[in-house]
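The values are calculated or read from the model by the stated rules, or taken from the named source; none is laboratory data. Just so it is clear, the model here is predicted, and its values are computed rather than measured. Methodologically, a virtual Cβ is constructed for each residue, glycine included, from the backbone with ideal geometry; neighbour enumeration extends over all protein chains shown. Ligands, DNA and RNA are excluded from the accessible area calculation, which covers all protein heavy atoms including side chains. Shrake-Rupley method; radii C 1.70, N 1.55, O 1.52, S 1.80 Å.
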Amino acid sequence: MPVLVRFVPVAVLASATLLQAQQPALTGYSPAAAERQRAAEAAAIRVPQPERARAHSRILSAEPHVAGTPAQARTRDYVIQQMRAMGLETEVRTYNVFLPHATSARVWRVSPQPRELPTAEPPVPGDSTSTGWQYPAANGYSAAGDVQGELVYVNFGLIEDYARLDSLGISVRGKIAVARYGRSFRGIKAREAERNGAIALILYSDPEQDGPGSGQPYPNGPMRPGAGIQRGSVMNGNGDPTTPNRPSVRGVRRTPPVIGIPRRDTARTGRMVRGRDGRMRTDDRDTARAAPMVMSIPGIPVVAIGYDNAAELLRGLGGREVPAGWQGGLPFRYRIGAGPVVARVAVETDARTPAAYKEIWNTLGTIRGSEFPDELVLVGAHRDSWGPGAADNVSGTVSVLEAARAVAEQVRAGNRPRRTIVFATWDAEEWGLIGSTEFVEQDSARLMRGAAAYFNIDVSATGPNFGGSASPSLRELVRDVARTVPDPSGNGSIYQAWRRAAGLAADSLEPAMGDPGGGSDFAGFYNHLGIPHADWGFSGRYGVYHSQYDSFNWMSRYGDPDFRRHTAAAQVGAAMVMRMANADVLPFDYVEFARTMRRYLPALDSSFRARGYSALNTDALRGAIDRMERAALGLARARDEVLASRVPDRRTLTRANASMRRVERALTRSRGLRSRPWFRSLIYAADENNGYANMVFPSVQEAVRADDRRLAEQELADLATRFLGATDALLNARDILTGDDRR
């Protein structure tokens, strides 16, 4: 490693100091503590450096590092070495998980004009990693198989797309489905293709979404070239599918993975369906899809191709012209088929060998808290990728490392955090959030008892636009920290640039933030355990997602050429963990939380009316949320008034903060959602029929989707009761702080 000379322009230091000086009092801090905290954050923000971020990125993206490979072990060793050099306590958590790798993936056009389509991504001049080893073009957890059949174009492969095909009298049964990426998780696309009887699924990146339709293809621009492919997992579920709700450690009891569509999750509409045994049969019953789903792995081969190869298959399709909205960006009129194009798909894997079980490694770097060591603040990023992964997610890993360095230097300066901070890099996120899920399942008791918040950095830099998502209780914290960090453009703070990009004129408006529905490593913490979460990063035109071209060369030319956004994301991370770790009283904003919840109610009422549930409304839930808001206001006043005059003793702070940590835990239930028991949060979840889209109040919404009025009524009442439990936790925290906790 070359020695890096730190150089911080005077203008940047002055800007950071000015931003700090302009800030109001800190939520959850006494005046004296706030002054110390502002100074500590200002010092920490000066530590992350672009030169060091660039060096980390070059090393970590030097080769594809798919989970379960020796290359991924090398990233483990590098991260642990860096954390040890910083003085952190380090640990490697090893899990043995079911992670079958594809060993070969091939696609042919059988007729007309037979030819095998090249699935490897060709080298790009000047990009050294594009010439190396590539993971085959099969999607993660694809079934093995060698099948041949007519092609049917199914648009995005959504549930509604298959319904449209049904209405046109077109079936994919016994055929190979071709779907373009977008609008849903690829695992849902695989599930629906198999559910409708397809024998294989070919996924491709259409240029309208992912190529020249959005900019110049790489290497002349940031978008996907014609031979670029998007790899990715098609398992529906979180964690090792052979150890649901249990960590995959030595001696764990395993259950066989569910291959193919489980019987109780099969659409029963009078067509051929695949049962648990893999055989096709007729099922003419009608049912709402409200039965619990289990983690499932496709029973059909699923492969990814580029849009050049897609054109070789789609150009010759006959049959109907596509419906409105189904036309993509290839230069011909799309048709549905089936045929006359016949294709062959062949995938080989190690799923039936002992090699299907592979070791994965989480790295943990810990700084023990000085006063509340059992209270935890965690920040993490996944470390695995499908290619070199410079953006996804070497960038997040780099930002976690630089944030850790910033806090470690504060420790060396004598400013040890009051709570314990854990800096994590997770393995096998790309396969189904596996590393973080196994950690959460292994440490659930400790996390439930002591975790204050989990912060996630998944792709910290692909362009200039800052954004984030969070539980509403942490959104103001993200905004406040963004006010203190200079924007990489040099034009004010990140918060100011964020507002400008959002076009906000009125001071009363705030930049939009996303909801934590699922899809990244926060899911185990928030969706499973109810631990408040936030994430952030800088985005832009990023057309090389999950490809061999997500490389250091791409990042240096297009994503973040000067590595200032990697650095800024690390600065935000350092300030976020320090703010949470050092607060006298945890700085949650449950007033914003309650008000956000209330804004969701009109849409829920509209869904009741659309179903004809005339007697069902959200009045009781609204009342429970109103009570929560009043309790949150009371707690906020008490927190501010108490800290303005005195700092309570350690026992009082410990008890009050423990009660505050229970607020969002109270909005979970141990049996989880009926559709997916692993998802315990009743506030947000990923849509079970989309995978990416967020569902608010999912227990109620899924009952409405199933058209089960009685269940919707039960779920609505249960949700209102959960809000009352959250309110009790807020009232208890208030009473502890004010000394009136005899209620």
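What to note about this one:
- Restricted to region 395-493, the set of helices (runs of 4 or more DSSP H) holding at least 1 residues that are touching a His at 6+ places or on another chain (Cβ under 9 Å) comprises 396-412, 434-442, 444-450.
- Residue within region 143-160 that is closer than 24 Å to GLU312 by Cβ, of a type in the set (Val, Ile, Thr) and touching a helix residue (DSSP H, G or I) at 6+ places or on another chain (Cβ under 6 Å) present: yes
- Check on ALA656, crowded, with 18+ Cβ neighbours inside 10 Å, small (Gly, Ala, Ser) and in a helix (DSSP H, G or I): yes
- Of PRO354, PRO340, PRO323, all but one fail to be free of Cβ contacts under 8 Å to residues at least 12 places away in the same chain, over 30 Å from ARG650 (Cα atoms) and surrounded by fewer than 17 Cβ atoms within 10 Å (Cβ to Cβ); the exception is PRO354.
- From the options ALA179, ALA193, residue that is in a strand (DSSP E or B) and not aromatic (Phe, Trp, Tyr): ALA179
- Enumeration of residues in region 124-144 that are open to solvent by 10 Å² or more (accessible area, probe 1.4 Å) and either among the charged types (D, E, K, R) or in contact with a Gly (Cβ under 9 Å, 6 or more places away or on another chain) (or both): THR129, GLN134, ALA143
- Within region 151-180, tally of residues that are open to solvent by 60 Å² or more (accessible area, probe 1.4 Å) and under 13 Å from GLY197 (Cα atoms): 2
- ALA144 vs. criteria under 17 Å from ILE300 (Cβ atoms), of a type in the set (A, V, I, L, M) and under 27 Å from the mean Cα position of the chain (by Cα): no
- Flag if PRO516 is touching a Ser or Thr at 6+ places or on another chain (Cβ under 8 Å) and under 28 Å from TYR545 (Cβ atoms): yes
- Applying the condition of being of a type outside the set (Gly, Ala, Ser) and closer than 25 Å to ILE188 by Cβ to region 498-520 and asking which residue is least open to solvent (accessible area, probe 1.4 Å) yields PRO516.
This table checks each residue for (1) in contact (Cβ under 8 Å) with a residue 60 or more places away in the chain; (2) in contact with a Lys or Arg (Cβ under 8 Å, 6 or more places away or on another chain); (3) more than 27 Å from GLY518 (Cβ to Cβ); (4) surrounded by 24 or more Cβ atoms within 10 Å (Cβ to Cβ).
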{"site": "GLU192", "(1), (2), (3), (4)": "no, no, no, yes"}
{"site": "ILE199", "(1), (2), (3), (4)": "yes, yes, yes, no"}
{"site": "GLN209", "(1), (2), (3), (4)": "yes, yes, no, no"}
{"site": "GLY215", "(1), (2), (3), (4)": "yes, yes, yes, no"}
{"site": "ASP240", "(1), (2), (3), (4)": "yes, no, no, yes"}
{"site": "THR243", "(1), (2), (3), (4)": "yes, yes, no, no"}
{"site": "ARG253", "(1), (2), (3), (4)": "no, yes, no, no"}
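- Residue within region 612-625 that is open to solvent by 50 Å² or more (accessible area, probe 1.4 Å), under 30 Å from SER493 (Cβ atoms) and without any contact (Cβ under 8 Å) to a residue 24 or more places away in the chain present: no
- Residues of region 424-443 satisfying the condition of being in contact with a helix residue (DSSP H, G or I) (Cβ under 8 Å, 6 or more places away or on another chain) and of a type in the set (Val, Ile, Thr): THR425, THR437, VAL440
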